[in-house]
Amino acid sequence: MKHFNHITDFSLEEIQATLQRTRDFKLNRTNTPKTLEQQSWGLLFYKSSTRTRVSFEVGIQELGANAIVLNSQNTQIGRGESIKDTAIVLSRYLHGLVIRAYDHSVITEFAKHASMPIVNGLTDFNHPCQVLTDIYSILERIDPENVQLSTIQNKKITFFGDTASNMANSWIIAAAHIGFDLVLAGPKGYEPTTQVLEKLKAENLTPRHTFTNDPNEAASQADVINTDVWVSMGDEAQSKERKEALADFQVNEALVTQANKDFLFLHCLPAHIGEEVTEAVIEGTNSIVYDQAENRLHTQKAILAQLQLS
Ligand code: CP
Ligand code: NVA
């Protein structure tokens, strides 16, 4: 039995199969194979969510299963029941569990004690379903007939802003696993963390990212420009200092003129217009943010189907 906690939990062959299945599911949405028929899946949220919660709930139903939405506060977790007992007990009812948590150790602890697949729906450390969706969304835009992982291997992918965040970590791990060049641009104090470098080491992966304090250097001839909020869930107390520190890394019209003409703009959403991105960029013709949001549904269905094969 397999979990999906990091993109590295899938081999490159499994990622390619998942991308292909994503395309098939997207083209034939009304004809989804009922891979999870007669199953019940839980969705356990410790944090807010719009896309992840709804796309998983709909996707699980389209795969033929029943989806049960839980949150940490209205279960006994909120009154201190251990993750171990919760994981063991929920495994007696459910066939799988998607979790969104603050501390990443919540997911690893669930995975340690559960006898059902655990899927990471975002932690403070990473967001693997999002990055896999983002890769699909890039490949789909380049060649919808042929979503080949190798296509991304010669692209310049960039990320602007909080490069110590869960989305930056997800891109850093994906770049090393899949093998593409990633340039991260952010201010001093927001560099990639030692925690993500340790993860690469633990997986025996060679880093494929570089970090710069110069946003123009990063944007130059970029194929993909990515950003994310400056204040992630859980960072609200540092809101003021983060907005000041990250101000020079806004993705705006001046910055994107340095990218390749047909660059793609990505943002996992929710966006804070006027902070990490301007309205002109997010509403511009190079922006694929709403395709990304839609593709969460198709990609996650493909991830769940892939987990059934393991
Ligand atoms: N991108 C993303 O995970 O969105 P939600 O927080 O709305 O789930
Ligand atoms: N970095 C953001 C991603 C939201 C989907 C956060 O953690 O709040």
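The values are calculated or read from the model by the stated rules, or taken from the named source; none is laboratory data. Predicted, not measured: the structure shown is a model, and the values here were computed from it. Please note: Cβ atoms are built from the backbone with ideal geometry, for glycine as well, and neighbour counts cover all protein chains shown.
Each residue in the range 102-116 was checked for being crowded, with 24+ Cβ neighbours inside 10 Å and out of contact with any Ser or Thr (no Cβ under 7 Å at 6 or more places or on another chain), and 1 of them qualify.
A single entry from Leu264, Leu269 fulfils the requirement of being farther than 30 Å from Lys34 by Cα and within 19 Å of the chain's Cα centre (by Cα): Leu264. Just one of the listed residues (Ser137, Ser150) is on the phi < 0 side of the Ramachandran plot, within 16 Å of ligand 2 (Cβ to nearest atom) and of a type in the set (Gly, Ala, Ser), namely Ser137. Among the numbered conditions (1) on the phi > 0 side of the Ramachandran plot; (2) of a type outside the set (D, E, K, R); (3) surrounded by fewer than 18 Cβ atoms within 10 Å (Cβ to Cβ), the only one that Val58 does not meet is (1).
Would a scan of the range 230-251 turn up a residue that is of a type in the set (Phe, Trp, Tyr) and within 11 Å of ligand 2 (Cβ to nearest atom)? Looking for residues that are of a type in the set (Phe, Trp, Tyr) and within 11 Å of ligand 2 (Cβ to nearest atom), one finds at least one in the range 230-251, hence yes.
Among residues of the range 74-91 that are within 17 Å of Met116 (Cα to Cα), those with a beta-carbon under 6 Å from a residue that is at pLDDT 95 or above and in a helix (DSSP H, G or I) at least six positions away or on a different chain give the pairs Ile83/Glu109; Ile83/Phe110; Lys84/His113; Thr86/Ile77; Ala87/Phe110; Ala87/His113; Ile88/His113.
Counting the residues of the range 202-229 that are hydroxyl-bearing (Ser, Thr, Tyr) and within 14 Å of ligand 2 (Cβ to nearest atom) gives 1.
Look at (1) without any contact (Cβ under 8 Å) to a residue 12 or more places away in the chain; (2) within 28 Å of Val229 (Cβ to Cβ) and you find that Asp134 fails only one, number (1).
Residues that are surrounded by 17 or more Cβ atoms within 10 Å (Cβ to Cβ), more than 16 Å from ligand 1 (Cβ to nearest atom) and either in a helix (DSSP H, G or I) or free of Cβ contacts under 8 Å to residues at least 60 places away in the same chain (or both) within the range 218-246 comprise Ala218, Ala219, Arg242, Ala245, Leu246, listed in sequence order.
Within the range 272-290, the set of residues being crowded, with 17+ Cβ neighbours inside 10 Å and not β-branched (Val, Ile, Thr) comprises Glu275, Glu276, Asn286, Ser287.
The set of residues from the range 167-189 being out of contact with any strand residue (DSSP E or B) (no Cβ under 9 Å at 6 or more places or on another chain) and in a loop (DSSP other than H, G, I, E, B) comprises Pro187, Lys188, Gly189.
Conditions tested, residue by residue: (1) surrounded by fewer than 19 Cβ atoms within 10 Å (Cβ to Cβ); (2) modelled with pLDDT of 95 or more; (3) away from ligand 1 (no atom under 16 Å from the Cβ); (4) small (Gly, Ala, Ser).
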{"residue": "Asn28", "(1), (2), (3), (4)": "yes, yes, yes, no"}
{"residue": "Lys34", "(1), (2), (3), (4)": "yes, yes, yes, no"}
{"residue": "Gln38", "(1), (2), (3), (4)": "yes, yes, yes, no"}
{"residue": "Trp41", "(1), (2), (3), (4)": "no, yes, yes, no"}
{"residue": "Thr52", "(1), (2), (3), (4)": "no, yes, no, no"}
{"residue": "Asn66", "(1), (2), (3), (4)": "yes, yes, yes, no"}
{"residue": "Val69", "(1), (2), (3), (4)": "yes, yes, no, no"}
{"residue": "Ala87", "(1), (2), (3), (4)": "no, yes, yes, yes"}
{"residue": "Leu94", "(1), (2), (3), (4)": "no, yes, yes, no"}
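Look at the range 140-152: where a residue is touching a residue at least 40 places away in the same chain (Cβ under 8 Å) and a partner is of a type in the set (Val, Ile, Thr) and not in a helix (DSSP H, G or I), sitting 6+ places away or on another chain with Cβ atoms under 8 Å, you get Glu140/Val147; Arg141/Ile288.
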